[in-house]
Amino acid sequence: MFPPLPPLQSPSGSSRVSHRTVSLTSASPPVTPHKLTGDAQTEAQIAELLRSARPVTWRGQGELLQVPWLKAPLGKWLLLDLYSGYGGLALAMLTLGANFYGISAEMDPTARACSRACMPSLVHVEDVRQVTLGALLPFFQRREVRGVIVGAGTPCQPNSSLNRSRRGLADPRAQEPLVVANLIRKLEQCRDLQHLEIITLLENVASAPASVVAQYLSLIH
């Protein structure tokens, strides 16, 4: 038998998300921008990478699973894979046969390297707060797409029943859906993007407290 694998740890030993204290309500003010968000040079670099990106394709060593019994969404899309991990949402889109461009936001360098090796056309950033409206607009000026799919697998540790000391909404990590809601609101309010469809997917643990589920649903309508 194979020996048991050691527990997975972040190479840096740090938490996946920054710890911020905000009030999680549907009437909350916009999230205070991260310092990277206000960096015009970083925003311009990401904008150029995305503007010149090609549709996402599979370049992994193994064969990509295909599910021909499910119909892929028609048209071209822009995928915003936030808190991406190794790129599971982009992988699912490829499995469906979807035609899309994509940007992946993930702090863990090992997960980013895995995703980049298999899906090199994805644009990779380290922080979800780097995915700004300003970074996205040049893409829409060059590419014609049907819409935007915003997917976010926000941290589940504050909500999971497996965490005996879980604190739900009192844990700053449980506030991360605010970042997603803030970005969606800006996309919806941008006059130049009114013709686009915007689809939102917010993933979290099934054992989350009812109060957390209610607040998350309120945020993404």
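The values are calculated or read from the model by the stated rules, or taken from the named source; none is laboratory data. On a predicted model such as this, the values are computed, not experimentally measured, just so you know. Note that we place each Cβ from the backbone using ideal geometry, even for glycine, and neighbour counts take in every protein chain shown. To get the accessible areas, we keep the full protein, side chains included, count just its heavy atoms, and leave off ligands, DNA and RNA. Shrake-Rupley method; radii C 1.70, N 1.55, O 1.52, S 1.80 Å.
If you go through the stretch 62-85 and keep only what is acidic (Asp, Glu) and touching a residue at least 40 places away in the same chain (Cβ under 8 Å), you end up with just ASP81.
Consider ILE199 carefully, then state whether it is in a strand (DSSP E or B), open to solvent by 60 Å² or more (accessible area, probe 1.4 Å) and out of contact with any Gly (no Cβ under 6 Å at 6 or more places or on another chain). The answer is yes for ILE199.
For the stretch 194-221, a residue qualifies if it is without any contact (Cβ under 8 Å) to a residue 24 or more places away in the chain and not hydrophobic (A, V, I, L, M, F, W, C), and the qualifying residues are GLN194, HIS195, HIS221.
How many residues does the stretch 54-90 contain that are of a type in the set (A, V, I, L, M, F, W, C) and at pLDDT 95 or above?
As a first pass, look at the stretch 54-90 and keep what is of a type in the set (A, V, I, L, M, F, W, C): 56, 58, 64-65, 67, 69-70, 72, 74, 77-80, 82, 89-90.
Now restrict to residues that are at pLDDT 95 or above: 56, 58, 77-80, 82, 89-90.
Residues that pass the stated criteria total 9.
The set of residues from the stretch 93-108 being within 22 Å of LEU187 (Cα to Cα) and either over 15 Å from the mean Cα position of the chain (by Cα) or surrounded by fewer than 19 Cβ atoms within 10 Å (Cβ to Cβ) (or both) comprises ALA98, ASN99. For the stretch 47-92, the set of residues classified as open to solvent by 80 Å² or more (accessible area, probe 1.4 Å) and under 21 Å from GLU176 (Cα atoms) consists of TYR86 only. When restricted to residues that are of a type in the set (A, V, I, L, M) and free of Cβ contacts under 8 Å to residues at least 12 places away in the same chain, the stretch 92-123 contains 2. Taking the residues in the stretch 133-160 that are closer than 22 Å to SER84 by Cα and of a type in the set (S, T, N, Q) as candidates, determine which candidate is surrounded by the fewest Cβ atoms within 10 Å (Cβ to Cβ). Here the residue is SER160.
Against the condition modelled with pLDDT under 50, under 29 Å from GLY168 (Cβ atoms) and of a type in the set (Ser, Thr, Tyr), how does SER18 come out, does it pass?
It is true that SER18 is modelled with pLDDT under 50, under 29 Å from GLY168 (Cβ atoms) and of a type in the set (Ser, Thr, Tyr).
Which of the numbered conditions does GLN175 fail, given that it passes all the others? Conditions: (1) surrounded by fewer than 21 Cβ atoms within 10 Å (Cβ to Cβ); (2) modelled with pLDDT under 95. In the conditions (1) surrounded by fewer than 21 Cβ atoms within 10 Å (Cβ to Cβ); (2) modelled with pLDDT under 95, GLN175 misses (1) alone. Taken together, ARG146, ARG191, ARG164, ARG185 contain a single residue that is touching a residue at least 60 places away in the same chain (Cβ under 8 Å), basic (Lys, Arg) and out of contact with any strand residue (DSSP E or B) (no Cβ under 7 Å at 6 or more places or on another chain), which is ARG185. Selection of the stretch 109-132 for residues being surrounded by fewer than 16 Cβ atoms within 10 Å (Cβ to Cβ) and either assigned to a helix (DSSP H, G or I) or under 16 Å from the mean Cα position of the chain (by Cα) (or both) yields PRO109, THR110, ALA113, ALA117, GLU126.
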